[in-house]
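Report on the structure given below.
The values are calculated or read from the model by the stated rules, or taken from the named source; none is laboratory data. The structure presented is a predicted model; accordingly, all values stated were derived computationally and were not measured. Backbone-built Cβ (ideal geometry, glycine too); neighbour counts: all protein chains shown.
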Amino acid sequence: MYSLYRSAFFGVTLMRRVAFFVEDYAHQQIIGALVQRIAHETGVAIECDWRNSRHGYGKLVQELKEYLRDVKRQGDIPDLLVIATDANCKGLNNRTNELPLDDCPVPTRALAIPDPHIERWLLLDGAAFRRVFGRGCSAPDLKCERNRYKDRLRQCIYDAGITPNLGGIEFAEDIVNAMDINRAMQVDDSFNRFVSELHNVFTGWQK
């Protein structure tokens, strides 16, 4: 259970509440690890409030609509709303425009829209793979094929002599923490956009 505040070297730091809506387990593990890492590196204390983490895009949209309606009615506004869903080859802007964010009562938001799929983000830094598994992986291509990057992630881990029981997503936190974030931002626009949004929000809280 999270405390509202935590002790810091120079006093007391406000615990910021981050509400998450994500498409599935893979998004929860990868986006959660990224948010925690950026928060730690910027010196921000956060409480992760997972509002959903299963059942795909349709369920995400339905539950997000219900949540935003309740927030508007009750006024319990989080410090940050993070929404994660794959672009699925529709492009970042088109996928963003599909989300029910008109008249959204939460002013501070960060959208994680991997293009085309979230598993590709774990393949952006081959050196991080080497640090985690003892063997690197080649840079991913950019093609729109269902399960392409799920299969690529699984195969890269197999090639390192490790059996990924959950398709490799169980290693998401390890890979994210080993990643050169700046390098990954340079090779993937969707990753760059999300991390930049997060960094801007977190550094803004420091002021």
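Listed here are the residues, each with its yes/no results for (1) in contact (Cβ under 8 Å) with a residue 24 or more places away in the chain; (2) closer than 23 Å to T42 by Cα; (3) β-branched (V, I, T).
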residue	(1), (2), (3)
P105	yes, no, no
G134	yes, no, no
P164	no, no, no
M179	yes, yes, no
V201	yes, yes, yes
- Scanning region 30-44 for residues that are within 23 Å of P164 (Cβ to Cβ) and either surrounded by fewer than 22 Cβ atoms within 10 Å (Cβ to Cβ) or at pLDDT below 95 (or both) gives G32, A33, Q36, R37
- Task: Report yes if some residue within region 121-134 is modelled with pLDDT of 95 or more, part of a loop (DSSP other than H, G, I, E, B), more than 29 Å from A19 (Cβ to Cβ) and not charged (D, E, K, R); otherwise report no.
- Result: yes
- Query: Does at least one position in region 40-47 carry a residue that is within 16 Å of the chain's Cα centre (by Cα) and either within 21 Å of E119 (Cβ to Cβ) or in contact (Cβ under 8 Å) with a residue 12 or more places away in the chain (or both)?
  - Reply: yes
- Over region 128-157, the set of residues out of contact with any helix residue (DSSP H, G or I) (no Cβ under 7 Å at 6 or more places or on another chain), surrounded by 13 or more Cβ atoms within 10 Å (Cβ to Cβ) and farther than 29 Å from L60 by Cβ is R130
- Which ones in region 161-172 are part of a helix (DSSP H, G or I), surrounded by 17 or more Cβ atoms within 10 Å (Cβ to Cβ) and not aromatic (F, W, Y)? I169, A172
- Matching residues in region 45-66 - criterion: being assigned to a helix (DSSP H, G or I) and either basic (K, R) or crowded, with 18+ Cβ neighbours inside 10 Å (or both): K59, L60, L64, K65
- Could you check how many residues of region 1-29 are modelled with pLDDT under 95 and either loosely packed, with under 12 Cβ neighbours inside 10 Å or assigned to a strand (DSSP E or B) (or both)? 13
- For region 181-204, which residues satisfy the criterion of being surrounded by fewer than 13 Cβ atoms within 10 Å (Cβ to Cβ) and over 20 Å from N93 (Cα atoms)? N182, G204
- Task: Say whether the condition of being part of a loop (DSSP other than H, G, I, E, B) and more than 16 Å from the chain's Cα centre (by Cα) is met by at least one residue in region 180-188.
- Result: no
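For region 150-183, which positions are among the small types (G, A, S) and touching a Gly at 6+ places or on another chain (Cβ under 7 Å)?
Across region 150-183, the qualifying residue is only A160.
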- Item | Number of positions in region 141-160 that are aliphatic (A, V, I, L, M) and part of a loop (DSSP other than H, G, I, E, B) | 2
